[in-house]
Amino acid sequence: MAKPKFPDGSRTLSLLQKLQWITKPLEILEKQAQIYGDIFTFSFGPSNIPQVIVSNPEGVEKIFTADLKQLDSGKEAGIKLPLLGQHSLIALSGEQHRRQRKLLMPPFHGERMRAYGELIHKITEQVTSQWQIDQTFSVRSSMQAISFEVIIKAVFGLEEGSRYKELKEVLLEWLNPKRPLLQTMILMFPILQKNLGSWSPWGHFLLLRQRMDELIYAEIKERRAKLDSSRTDILSLMMAARDENGEQMTDVELRDELMTLLVAGHETTATSLAWAFYWIHNQPQIRDKLLQELDDLGDNPDSSMILKLPYLNAVCKETLRIYPVTVFAFPRVVKSPLQIGDYHFEPGTILSACIYLTHHREDLYPEPKHFKPERFLERQFSPYEYLPFGGGNRRCLGFAFAEFEMKLVLANVLSRWQLVLADSKPKPVRKGILLAPSDGVRMVVKGKRTQQRVMQTTSTGLTHGN
Ligand code: HEM
């Protein structure tokens, strides 16, 4: 006989549990999993809607492979995005989502993506050239500076100038608010969204959004007026793209997707890089092994050689396993009855694949709390066992780009700089919807590497030589 609609779990959280969910999300999830197992019910978020949390590969596979008529995400699953707009890929569902995703996909893969290698390299050099010997710095801030600049240049293709400068200022203020907790609360609780003038938080937010929209629409208008087919930035590629019916993206669609790529691609990559620097320097043998691998490449390896390095790949994978940047994949809503294991879910039920809990299963990853890149050299994991970028038709659009950027930035910095951890023992803490290192990872610049390997670029991407 089919079990009830909701598995066991905490359908209503006590005040203490709500507080714990904000301050110690991983602990509370682990506790729930210990009590209730692989599939349990948990209510969180402002609406307190119960969600079914799934963390076993069989269940994750069901979620990622279910037919779209059975399970979908987007606004139907309760995703609301006042920042990104209703045309954002993340808010769309069904056929609209499929069409938009197809238009957006090409620049993030293959040769087109690799063309951004040179840009990533240049920006990494620019940002790290500010470092001073013996200076203590926040790795996350440096990585944010890199990933922001990469996104704004690769996605918008903006040249330095007054619009670039103003857009950057407005975006930075929006993405890195002075009071991040307040902004998160306002975005989470619609009741706080009251425009009481530009001094009020929501009023200020709307003002920034308006200024940003003016700048973005001005750029789109200018580009439409003088189309340049030689441009390779993502905005130009999106403007040139046509769907099966020959239709192009509207200005509002372009604006919403630009914002989506910016927000989805900037902090995620920076946070992963900050964690990677921490783990690499926390265990000297890992750094030594990586340097050996990079040095063995000899002179002039291009970006595709760096992409293929097995140990660098394993380090990046383990970084995203141990503290995945997002705890969950996007929620999915059941649209027609769905069976997962013993559970039968009726339409309207929200299912969330839990990346963190799956990555911490002892049966898949022995000693899951230990950072061990070797596990990725010793065996292959299925997309339902290892899922830092989610999966199925929603799998992160920028996953290849993010891995590419992580590897190139790590290769560039490790080859050129000697860094050590300051007294940094970062804990994973919530930063909006992301899981970030509590102190941003603090490191000290010890000097340049003696066997200095100055990176150069070629038209095919990144190379290094002496
Ligand atoms: C290490 C860096 C990153 C991580 C860990 C990450 C992770 C994720 C995850 C978990 C999802 C949800 C997938 C699902 O629900 O199945 C997602 C979606 C998405 N990501 Fe990323 N992401 C990263 C970087 C990027 C970058 C660089 C971009 C683009 C420039 C990007 C663009 C997107 C977009 C557009 C979606 C929505 C896809 C859709 O709804 O179809 N992400 N990402």
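The values are calculated or read from the model by the stated rules, or taken from the named source; none is laboratory data. Predicted model only: the values in this text are computed from it and were never measured. Cβ placement follows ideal geometry from the backbone for every residue including glycine, while neighbour counts extend to all protein chains displayed.
Observations on the model:
- Test result for Phe376, in contact with a Phe, Trp or Tyr (Cβ under 8 Å, 6 or more places away or on another chain) and either part of a helix (DSSP H, G or I) or buried (at least 19 other Cβ atoms within 10 Å of the Cβ) (or both): no
- Among the residues of segment 349-373, the ones that are assigned to a loop (DSSP other than H, G, I, E, B) and surrounded by 13 or more Cβ atoms within 10 Å (Cβ to Cβ) come to 9 in all.
- Qualifying residue in segment 381-398 (condition: part of a loop (DSSP other than H, G, I, E, B), surrounded by fewer than 18 Cβ atoms within 10 Å (Cβ to Cβ), more than 15 Å from the chain's Cα centre (by Cα) and away from the ligand (no atom under 16 Å from the Cβ)): no
- Residue identified as modelled with pLDDT under 85, within 20 Å of the chain's Cα centre (by Cα) and away from the ligand (no atom under 16 Å from the Cβ) among Pro180, Pro190: Pro180
- Only listed residue being more than 21 Å from the chain's Cα centre (by Cα), farther than 20 Å from Asn412 by Cα and either within 16 Å of the ligand (Cβ to nearest atom) or crowded, with 19+ Cβ neighbours inside 10 Å (or both), chosen from Leu338, Leu261: Leu338
- Test for Ala270: is it closer than 28 Å to Glu166 by Cα, in a helix (DSSP H, G or I) and in contact (Cβ under 8 Å) with a residue 40 or more places away in the chain: yes
- Considering (1) within 16 Å of the ligand (Cβ to nearest atom); (2) in contact with a His (Cβ under 7 Å, 6 or more places away or on another chain); (3) not polar (S, T, N, Q), the lone condition that Met238 does not fulfil carries the number (2).
- Qualifying residue in segment 65-79 (condition: touching a residue at least 24 places away in the same chain (Cβ under 8 Å), aliphatic (A, V, I, L, M) and away from the ligand (no atom under 13 Å from the Cβ)): no
- Of all residues in segment 399-425, those being closer than 17 Å to Ser303 by Cα and either surrounded by fewer than 21 Cβ atoms within 10 Å (Cβ to Cβ) or more than 6 Å from the ligand (Cβ to nearest atom) (or both) number 16.
- Given (1) modelled with pLDDT of 95 or more; (2) within 26 Å of Pro437 (Cα to Cα); (3) aliphatic (A, V, I, L, M), number of the condition Ile39 does not satisfy: (2)
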